[in-house]
1. Could you list, in sequence order, all residues of region 1227-1248 that are among the hydrophobic types (A, V, I, L, M, F, W, C) and assigned to a loop (DSSP other than H, G, I, E, B)?
2. Given Lys1112, Lys1044, Lys1102, which one is of a type in the set (D, E, K, R) and surrounded by fewer than 15 Cβ atoms within 10 Å (Cβ to Cβ)?
3. Does region 187-194 include one or more residues that are surrounded by fewer than 17 Cβ atoms within 10 Å (Cβ to Cβ) and in the same structural domain as Ile329 (by TED's automatic domain parsing)?
4. What is the number of the single condition among (1) at pLDDT 85 or above; (2) among the small types (Gly, Ala, Ser); (3) farther than 30 Å from Gly159 by Cβ that Ser244 does not meet?
5. Against the conditions (1) surrounded by fewer than 19 Cβ atoms within 10 Å (Cβ to Cβ); (2) modelled with pLDDT under 90; (3) assigned to a helix (DSSP H, G or I), where does Leu1192 fall short? Just the number, please.
6. Go through region 916-975 and give me each residue that's closer than 30 Å to Met989 by Cα, surrounded by 11 or more Cβ atoms within 10 Å (Cβ to Cβ) and free of Cβ contacts under 8 Å to residues at least 24 places away in the same chain.
7. Could you list, in sequence order, the residues of region 290-322 that are without any contact (Cβ under 8 Å) to a residue 12 or more places away in the chain and in a helix (DSSP H, G or I)?
8. Have a look at Thr1264, Thr1179 and point out the one that is modelled with pLDDT under 85 and either β-branched (Val, Ile, Thr) or assigned to a helix (DSSP H, G or I) (or both).
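The values are calculated or read from the model by the stated rules, or taken from the named source; none is laboratory data. All figures in this text were calculated on a predicted structure; none of them were measured in a lab. A quick note on method: Cβ atoms are made from the backbone with ideal geometry, for glycine too, and the neighbour counts reach across all protein chains shown.
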Amino acid sequence: KNELELKQAALDQCKENIQELESQIIESELINQNDTNVTNRAMPNLRSRLSRDISIIHPDENPLNSRLNTLKQEQIKLKSELDMLKNDYYQSYDTRTTALDKAIAARRNLNDEIKNLLESDAYKFVREQLEKPDAKELIYFLRLLNEARKNSTLINREGLLDTRAVLATSFGRELIEHDDILESSLAFFLVGYYFLPYFDQQYQFYIISNWEQINDDIDINTLNPHDLIIYCPNKNSYECCLLSTTKQNNTISITISSIQQINTNQLRTVLNESLPDGIHCHIKQNIFEHIKTTMTENGQELFGLACLMHLYQGDDITLLKIREIYDQIKVIFNELKYFVEHNAAEYKSLTVLMYQNINRFQTDLDSLIQSAISDDLWITSIQQMWIFIKPYQEKFSSTVAQKIQEELQYSIQSIEPPNLSSRLTSLGYLEPLKEKYGCVHMIIQHLEEGMSSTAIESIPEFNILFNFVNKILKLLKLIVQHTIFGKDDFIYELYENTPYAISHLEHIFQLTLSVIDIVNNQLHIGVTQTESIFNDLQIKLDEYLLKLKFSNKLLIRYNLTNFIRPLALLFDPNRRLITINNTSNDITNENSSITRDPLELRKKQMQSQINETIKRLKENLIIASQLPIQPQPIIQRIHTALHKLKTFDINQDTEKNFKWLIHEERTLADLLQNFIQEINQYTTSNVTLPDDEPIHEIHEVELSLQMNNTRTLNYENELNILQQNIKNSSQGNQFNELSNVIRLTNAHVSSQTWLRAASLLKSNNNDELRDTLMKLNNDLAMQLERGLNNEDDKNILMDHFAFAYAQFRSDILNVEAEQGMLSNYIDIATLANSIQQWTKKTNLNVFNMFDNIKKISDDLNLTENRMQNFTTNVSCSLLPIDIRPEDLICLFIPEYTTVMLTICEKFNQIDEFLSGRINKIEPLQLPSFVSSNGATNGLSSFTYRDKSISTPLFDKQKHIVEIRNYSTTFIQQIIALFMEPKIQTDGLMNVSISVKELFPIQIALSFALLILTDWIALKLDDFNEHIHLLTITTLKEKDVELQKMKTNIYHLEQDINKDERNLEKISNDYENAEIDRECSRNEAYSVRDRLQQIVDRCLIDKTNLEQQIKKKKEQLSNDQLLLHNELIMYKSRLKQEQDQWLFEAVHYLKVISEKLITCITDAINKPMPNNKSQTDITTLLNNIVDFCRQNLLEPTKTNLNSTKIQQMKDSIISELNNIKTHVKDKIVDNDPMYSFIFFYCDLICIGLDSLIHSTLSWNKYIDTLKTTQMI
């Protein structure tokens, strides 16, 4: 349009220029004419002089004519362009008008559709279910915030709750699940009270949603002024109030503070019923004063702000102060909303998300309509609407609708009534709801699947019965409400006629419901009645309702007119009794075959998602374990999530738990990523360098040589070498030694912190225990913070601590073994020496000085940051991680928590004895062997789960108990060595000041770990009876082929079932048509001919369908036979593959076992028996104890060949790689056998690494002893 106006203006201007120019031309011609006339009159006889030159200018032509021609051509061009623009404009205008009409119509249609949706029964039903009073959730959030306030790890430097830290706890998970709590009028209050510093934290709150809870949940006689009751019946701030109580003598004064006056009649009734005799109650209502002129963004925030200002500690309550507090709460509140918006979609059900999106869409649409300030319809109807609708496109997409449809289908398919009676009664109940809820049609269709036609015919009778029952219930409720809230004008009529109406209703019940029963899947009516009786009952009921002042409009509104008369059909003497025989089993079987597929599909989807989640968790676990500083809390949560996923029972666990586990993986991935970013952000401050001086540009002239006799040489290679040396020297040093020191120190301090926490478990020093647990595990700290009210709570805490400690030991041993630093004192000594000598050996120069300083500074920053997670009473020592006696329990049987903690405590006592902190070591007395549930590692975690049946890889009585006995007996013997007087006074213990110097103990524990690991691995041969559970991948193609065959058979069965139902219907039609034809013998020929055609057509359809069913059944029989044969062959081949795999695996294990036992027996100088496979594990462990005793008594006489042990380690590592390949190639990675083999390999590596390094360190220690003559 603007271009058109500009073009029109240009054309108009051109026209004006043409007119002006034409005027100038006319004036010029007149002037020239006058000049010519004057000249001719003045010199009539003069002859003009001839010119020699030829001029190309015509003196008669005016130059303005040329300009005029140009303007006219431009005018023609502009006019042509203007016409084209007009055509385009009118076309665009028509298109715009059409688009606007469509947009306005679409917007009007959208408003109508939204209005219809919000008024629909389905939406009202969902709203009623999702918007129930949220007092229960608010109480839980209140408790979580109260606990968070007491947790010092969640407090920031200002002494306030850290929002991000709180959201990382269980509060954040609950907020994601119940994000609608933020719409409550009380949520704003809770956020302000717990996150801001202005309020006294001594208050205790009781949240109720109805007054009856005062009688049920609260003892009002025991309340003090710091106990406040908050009444929130819904999300409306104007119906909420804050109650405070004071008691004086026999009077309880209740002060109600609210935004406006509220009705207290029900409260008074409840108090009169609950208060004892002689106690008087006085209720006073106050209106919140400070927020009368305060404006908030929405009404829900008003009550919360009013309560906060009511509890505000200070006299400076002004509008400015209120606005300041409101803005501070709003910032925190918006953080919670942002957190929910970016996490809730992955966790909540699609139905809840859709409901909330619809509400937000309606709210945003209303805001858009109210904020429309432009008069341009294009902006308001198209541009703004497009901006508004665009974010909702994905939320309301067909994909989301399809997912909701699938969830609905799964839910409907899961409905399995136990018998035909339940099915029929359900159908009778659902029939009146078909018009209200769209999904009812799908439910009815599902319930009718497989039912015979005779059973379906009985549904209307059930419908009549349930329709009567529902309307009677509705009428009874209406009578009660009408009597209570009726007008005073007809109160006398109500009191007079209500008893008669109730008596008449009782009479109706006796005549109807008392004689109706469901027998053999059908309604059994005990008596018969004529239709006139029900007419009389209906007429008399109408009379009573009229006397009760029930208007006809009211009855029509609630559909309560004429609902007794339809019962006459059930009591009709001529009622045909529908017999339904032997259909229940058929229906159940058929329905199960129908419903199995969607449910199985859902289970497969869940299992697939679980497998993918486990895979991602394992990848994150590998990443976390390879970090320079390991995030132990995150690693433990990953192990817990892995354990829960592996033990998740699809048939028993809820959808809620499934979604929580999936969401937990995403949460852990985010936490790990944040931890990695935190490590990477430890950089030094920027350094300002001086500005560079301008570089002199070298010209060719400066490089030329003027001397002719100059001799030139080529030094290009020497220059390249010099350049490379400069480059290498300018690179900063990596200082790997310093990074290793930081990692080792952190690992040692973490281990010491766990041991300190273990020693505090049985003490009464809960404060130090809480501070220590906060450095290790937030969940344990919060569990302690909640209080240990009885012995059971203490035992639960100890079990959870033991499980976490066992997982920590397992992780730390694995990591240190992979790093080659387990018991590696020699390399640590070399490392410490390298750091001391780094200034002498490191190449420092002006080029790499800054990089070196930066790297050292980054490492120091990292160290300082990690030191914040250390307790003040733990020493930072550069020492390796060693195997401890309780590790045998932690690795194999962590469920025996009390045994584990007792052994740990005893070994700590030995360390204290050596360091001189105690004078005596008490003998080890193990508690009774009681296993606890909840361990995430150990042998018991390797379990096959098939539906609700669990099959452990290792039998508890046959394997678990036996390895428990072996390990505990060995540990008892090892610890008993420290009690022997000769060892305490004459041997190694005499010169040692720490258990870390007792290398024979470390060597013995390494031997024991290898022996026990080898023993339990060979017990896999006992798994042969459950070998069918092994998941082999070598027959994957055959699996796919069989699955296709099963799917085809399933679809064929469904087709046959459908055809049989159609055949039954056609057969009935055929029989009815024959009856009609026989009954019409006396009718006209045309009638009989038409009926005969119907009979013939039904017969043809019946015959064709019977033949079709016969062919399909033959095909089904052939396919089932083929599948049966294929399955037999497949199972046979699968059994062979499973047996072969287990045989080969056990062979690999036996090869490793032979090498291990040979090396161990040679090392301890105990010859191997002839039959190596029958080595007595008890004898072998006893020999190791004797070997340990000998080394403790006579350390300088020990002679362990570390070279042979290293050769044995290299050989076994090669065999371990072979068995890993054997597993990877043929077993799926989520099979318990797969996990155990890798667990076995890890334990062997831990034992070998500890053994070789302990041996080297021991030999070095012996040389030191001999040199210094310490013994």
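1. Val1228
2. Answer to the check: Lys1044.
3. No, that holds for no residue.
4. (3)
5. (1)
6. Across region 916-975, the qualifying residues are Ile918, Asn965.
7. Those that are without any contact (Cβ under 8 Å) to a residue 12 or more places away in the chain and in a helix (DSSP H, G or I): Leu320, Lys321.
8. Every option except Thr1264 fails the conditions.
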